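Every number in this text was worked out from the coordinates using simple rules, so none of it is lab data. Since we're looking at a predicted model, the values are computed, not measured. Cβ sites come from the backbone with ideal geometry, for glycine too, and all protein chains shown count toward neighbours.
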Amino acid sequence: MARIVKHTAQGPYKLECGGEDKYICRCGLSKNQPFCDGSHKLTNGEEEGKLYWYDDVGNRHESADGFAGIRQN
Ligand code: FES
């Protein structure tokens, strides 16, 4: 089973936990969920109004379908 969820954030959410800074992934690309692993840097250069998807090795692809109305995180 799979689903498509649109993420627009291009950086993590920082929170303090037990006196330590933690970074929570908001871009959806981290391979260490729920924590940021720096993969959000792949989103640099994304253009407004376009929809992209990323493969397992980090290559960016532009979606041919805009998925209008897709749920957004
Ligand atoms: S915010 Fe997703 S990897 Fe950093």
Least to most buried among GLU46, GLU16, by other C-beta atoms within 10 Å and fewest first, runs GLU16, GLU46
Over the chain, the quotient of the Cα radius of gyration and 2.2 N^0.38 Å is 1.20
Once phi for every residue in the stretch 59-72 is put through the Karplus expression 6.51 cos²θ - 1.76 cosθ + 1.60 (θ = phi - 60°), the whole-Hz ³J(HN,Hα) values, with Gly and Pro written as x, are 6, 8, 10, 8, 6, 6, 10, x, 6, 3, x, 4, 4, 10
Here, chymotrypsin sites (Phe, Trp or Tyr not before Pro) of the stretch 34-73 satisfying both criteria (DSSP loop; at most 16 other Cβ within 10 Å) are PHE67
Computed for the chain: size of charge dipole around the Cα centre, +1 on C-beta of each Lys and Arg, -1 on C-beta of each Asp and Glu, debye to nearest 20, value 200 debye
Expected unfolding gain across ASN59-LYS22 under the 0.36 nm per residue rule, minus the alpha-carbon gap, is 10.7 nm
For LYS50, the aspartates and glutamates lying under 19 Å Cα to Cα, once residues fewer than eight places off in the same chain are dropped, come out as GLU62, ASP65
Partner aspartates and glutamates whose C-alpha sits under 15 Å from that of LYS31, ignoring same-chain residues fewer than 8 away, are ASP55, ASP56
Residues of the stretch 34-48 with backbone N under 16 Å of the label point set 7 Å from the Cα of LEU15 along Cα→Cβ are 34-37
Full extension between GLU48 and ASN73 adds, at 0.36 nm per residue less the Cα distance, a length in nm of 7.4 nm
